[in-house]
Amino acid sequence: MKKGLKITLYILAGIAVVQFYRPKDLEYQASQKDLTNVPKEVNAILRNSCFACHSNENRLSWYDKITPANIVVNSHIEDGRKALNFSNWDSLEKPQQNATLYYSFNKILSGEMPLASYTAVHTEAKLNSADINVLKNYITTLAPRNATIAVNNKPDNKPVKEEVHSDKNLAKNVLPSPNGIAYIPDYRGWKAISTSDRFDNGTMRIIFGNDKAVKAIKEHQTNPWPDGVIFAKTAWKQNIAADGTISVGKFIQVEFMIKDAKKYAATKGWGWARWKGDNLKPYGEDAHFDQECIQCHNPVKNNDYVFTLPLHFDAKNYKNYN
């Protein structure tokens, strides 16, 4: 028998043997129905490019079921469902559905989704410019930022109460978060390290960082962030004038992320806390509310669970900034 033929037979025999090792079975359903309240053309794009890993629909090809490919495929599907599962769509309130599509579209624009390793094999899942324009045009309509809404919605032009924004009078009476984290009243004196515009739900966000966060940014030590770093993300309602001008409106909430790899080892190295409304009511029914925070941030676990892309300060600007 020729040497080349022997090698081929050995390889085939090896492939046959490893087929007896199978990863755990995942839950599948025959077909995932279209997302309610979503146009047909948008559903078609999501089904084609996202549902394989982000729903319970069985969209496996025959080669996805062969060991060892099935091990990788199952891992991707498990991670994908944890980050976002469109099969749970009907359990979400309308604002959450909008936020989910907004989040998904940003992942597409950033080039993170669909995974390059997936589209390299499943070329039909690649998104072209026409697909992206369809998604963009639809998601833009979800934003409460258009002329009709702007005219009909009266801006919240009530004067901001100083005690709410400085928190000086409220701080001593603010209850701790259910997980024991105390409210930090002086965060508004920290540096603004980034902003975000959630046009999907009509809010504006300012992310503040304490001195250790600013130092870490200056020194490019942001993945992982060092212990002692604290972020405070404030959310405000957007006031939209008839001419499209946007300004900060009513205060919604402030969220904190506190880095301590040892102390908060059980919650991915971060302490999570949130206070809502002018009366700064602690968020969460019990100490395990932070699992919700972790689940939300899980898609960026490779960035130390931090969504924020901070402004980077060089030495000169850093001095001026301070």
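Taking all Cα pairs closer than 8 Å and separated by 6 or more residues, the relative contact order of the stretch 203-303 comes to 20 percent. Projected label points at Asn128 and Gln96, each 7 Å from Cα along the beta carbon direction, are separated by 3.6 nanometres. Using the empirical formula 2.2 N^0.38 Å as the baseline, the Cα radius of gyration of the stretch 172-282 reaches a ratio of 1.16.
Residues with beta-carbon under 11 Å from that of His54, excluding His54: net charge, scoring Lys, Arg +1 and Asp, Glu -1?
On the way: positive: Arg47, Arg59, Arg81, Lys82, Lys107; negative: Glu57, Asp79.
That works out to +3.
Among the protein heavy atoms, those of Val38 account for about 20 Å² of accessible surface (1.4 Å probe, every chain in place). Size of the stretch 77-141: Rg and Dmax of its alpha carbons, in Å, are 12.7, 35.
With r defined as the distance between the Cβ atoms of Asn106 and Leu175 and R0 fixed at 30 Å, what FRET efficiency is calculated, to the nearest 0.05? Don't skip to the end; give the middle numbers.
On the way: r = 34 Å, r/R0 = 1.13.
Rounded to the nearest 0.05, the efficiency is 0.30.
The values are calculated or read from the model by the stated rules, or taken from the named source; none is laboratory data. The model shown is predicted, which means the values in this text are computed figures rather than measured ones. Backbone-built Cβ (ideal geometry, glycine too); neighbour counts: all protein chains shown. With ligands, DNA and RNA removed, areas are computed over all heavy atoms of the protein, side chains included. Shrake-Rupley method; radii C 1.70, N 1.55, O 1.52, S 1.80 Å.
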